[in-house]
Amino acid sequence: MSEPTVSEPWLLLARARGTGLLLRFVIGITPLIALGCTLLAADQALPFLKFVIIASALMCAVYPDSHLGLFVVVLIGVEWLVTVDDPTTPWSIAVAASMALFHTSMAAAGVVPSSACWSTPMRRRWLRRSVVLMLPAPVMWLVVVAFDDRNSAGSQVLLAASLTTLVVAAVWARAGVLAGGRPR
């Protein structure tokens, strides 16, 4: 993380071209999409929280390498949990996909200067990362819908299967880190 002066980020944002400008736009718009989907799925609204999320998302477009993006994701998650009562609403897919795109755009904008010229392999790599982050959303929604009708509270079999899946995923992810191969 760098310690920019107040005027420096605005100057960098003014110099943004091509993909850098698109990333800043995506960073600013995806939380709005998540808020819109939450509003469509919710029975109530939290206007002050929406204002804080929008202001923070706009700051994320200016400061993409800050930790403010985590704050935005947490606030959207809190708003979702407080306002949406239906765990099987298909709007959760759109919220999850927009947050995945927000996260990936923040990461890409944080590592590449806003005025840099992106090559085709760079675009493909970041697009692939975005898609990989978005794919679990519809799968998890289908799992939630499938288990919603069942009375699975306190199921030892479900707990064992969940923990086994988490351990396998953690070992698989850790093996990729320890392999020492080239990052993809």
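Quick notes
- Per residue, in Å², the accessible surface of the range 27-146 once ligands and nucleic acids are set aside, probe 1.4 Å: 53
- Sorted largest first by accessible area at a 1.4 angstrom probe radius, with every protein chain in place, the residues 174, 125 fall in the order 174, 125.
- Summed residue charge, Cβ within 14 Å of residue 58's Cβ, Lys/Arg positive, Asp/Glu negative: +2
- Solvent-accessible area, 1.4 Å probe, carbon plus sulfur percent, for the range 70-176: 72
- Charge dipole (the range 26-184, unit charges on Cβ, about Cα centre) - positive-most of 119, 167, 42: 119
- Ranked packing of 71-77, 101-107, 163-169, most packed first, by mean Cβ within 10 Å: 101-107, 71-77, 163-169
- Rounded to the nearest 20 debye, dipole of the range 17-162 from Cβ charges on Lys, Arg, Asp, Glu: 880
- Stretchable slack from residue 116 to residue 67, in nm (0.36 nm times residue separation minus alpha-carbon distance): 15.4 nm
The values are calculated or read from the model by the stated rules, or taken from the named source; none is laboratory data. These numbers were taken from a predicted model, which means no experiment stands behind them. Counting neighbours? That spans all protein chains shown, and the Cβs are built from the backbone with ideal geometry, glycine included. Surface accessibility is based on the protein's heavy atoms, side chains included, excluding ligands, DNA and RNA. Shrake-Rupley method; radii C 1.70, N 1.55, O 1.52, S 1.80 Å.
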